[in-house]
Amino acid sequence: MRRFLDRLYTGSGVIAALCILGICVVMLLQAFGREAGILFRGADDIVAWLCAAAAFFALGHTFRHGELVRVGLLVNRLPPRGRRAAEVFALSVTSVFVGYMLWAVALFVYESWKFNEVAQGLIKLPIWIPQTTFLLGVLIFLLAVLDELHAVLNNRKPSYQQAEEARIAAGDFSETT
C-alpha cells in the first residue's frame with residue numbers, strides 16, 4: 001500500500017508538472033501563431049483548464065514534501081508530546097475540511113454532468129470533463145492528509161517533517177518556517 005500511495009503522489013505531481021508544460025506550449029503556440037497570422041481558437045480555455053488541473057494535482061505531492069504552508073512556526077517550538085498532539089489536531093481538522101471539500105466538489109461535478117452543462121468558452125466541451133481534474137486532485141490531497149494522520153497516530157514522523165529535516169541537513173534553509 002505504501003508503494004502505491006507514494007507512486008500516486010509522485011504521479012499526481014508529474015501530472016501537475018505536465019499541465020504546466022502544457023500551459024507553456026499552448027501559450028507559445030498562441031504567441032507564435034499570432035505572429036504568423038494563425039488564430040489559435042480556444043487557447044484561453046485550454047490554459048485555464050490546465051492551470052486548474054496543475055493546481056489541484058499538485059496538492060497531494062506538495063503536501064507530502066513539506067511545500068505547503070503549515071503552522072510550523074508554532075508546532076516546531078512545542079515539546080515532542082505537544083507537537084504530536086498539535087499535529088494530530090491539525091491533521092484531523094484538515095481531514096474534515098478536505099473531506100467536506102471533496103464531497104462538495106463531487107456534488108458540483110455530478111451536477112454539471114447531470115445537467116449536461118457545457119463550457120462557456122470557445123471550446124464547447126461538457127464542463128464535467130475538466131472539472132474531474134479538480135475532483136481527482138482533491139481526492140489525492142485527502143488521501144495524503146489521511147496518510148500523514150495515520151503516520152502521526154502510529155508515532156511516526158510525517159513525511160513533510162522528514163522532508164523539512166532533510167532540507168535543513170543539506171544546508172537548505174530556504175523553506176524553513
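The values are calculated or read from the model by the stated rules, or taken from the named source; none is laboratory data. Quick caveat, the model's predicted, so the values are computed rather than measured. All Cβ positions, glycine included, derive from the backbone under ideal geometry; neighbour counts span all protein chains shown. Calculation scope for accessible area: heavy atoms of the full protein, side chains included, ligands and nucleic acids excluded. Shrake-Rupley method; radii C 1.70, N 1.55, O 1.52, S 1.80 Å.
So for segment 1-128, averaging the separation of alpha carbon pairs under 8 Å that are six or more residues apart and normalising by length, what relative contact order in percent results?
On the way: 82 pairs, mean separation 29.6, N = 128.
Relative contact order of segment 1-128: 23 percent.
Of ALA85, SER95, PHE115, which is farthest along the charge dipole of the chain in the positive direction, counting Lys and Arg as +1 and Asp and Glu as -1 at C-beta?
ALA85
With springs connecting C-alpha atoms under 10 Å apart, model the chain as a Gaussian network and identify which of VAL138, VAL25, VAL98 has the largest mean-square fluctuation.
So, out of VAL138, VAL25, VAL98, the one fluctuating most is VAL25.
List, in order, the whole-Hz ³J(HN,Hα) value for each residue of segment 93-104 obtained from phi through the Karplus relation with A = 6.51, B = -1.76, C = 1.60 and θ = phi - 60°; use x for Gly and Pro.
Values per residue, Gly and Pro as x: 5, 4, 4, 5, 5, 5, x, 5, 4, 4, 4, 5 Hz.
Given the -39500 (n - 2.57) contribution per DSSP H run of 4+ residues, what per-residue ellipticity at 222 nm results for the chain, rounded to the nearest 500 deg cm²/dmol?
-26000 deg cm²/dmol
Quantify, in whole percent, the carbon and sulfur part of the accessible surface of the chain (1.4 Å probe; protein heavy atoms only).
Answer for the chain: carbon and sulfur cover 69 percent of the accessible area.
Taking loop as defined by DSSP and a crowding limit of 14 other beta carbons within 10 Å, which trypsin sites (Lys or Arg not before Pro) in segment 32-119 fit?
For trypsin sites (Lys or Arg not before Pro) across segment 32-119 that sit outside H, G, I, E and B with at most 14 neighbouring Cβ atoms in 10 Å, the list reads ARG41, ARG77.
Can you give me the three principal axis dimensions of segment 17-77 from its C-alpha atoms, in Å, biggest first?
Over segment 17-77, Cα extents along the principal axes are 59, 16, 14 Å.
How much accessible surface does MET101 have with a 1.4 Å probe, in Å² rounded to 10?
70 Å²
Quick one: which residues, 5 or more positions from VAL118 or on another chain, have an amide H under 5 Å from its amide H? H modelled 1.01 Å from N in the peptide plane, none for Pro or chain starts.
Those qualifying (amide H under 5 Å, at least 5 residues apart or on another chain) are ILE127.
Only loop residues by DSSP count here, and only those with at most 13 other Cβ atoms within 10 Å; note down the chymotrypsin sites (Phe, Trp or Tyr not before Pro) in segment 10-99 that meet that.
Numbers: sites: PHE32, PHE40, TRP49, PHE56, PHE57, PHE63, PHE89, PHE97; in loops: PHE40.
Here no loop site has a sparse enough neighbourhood.
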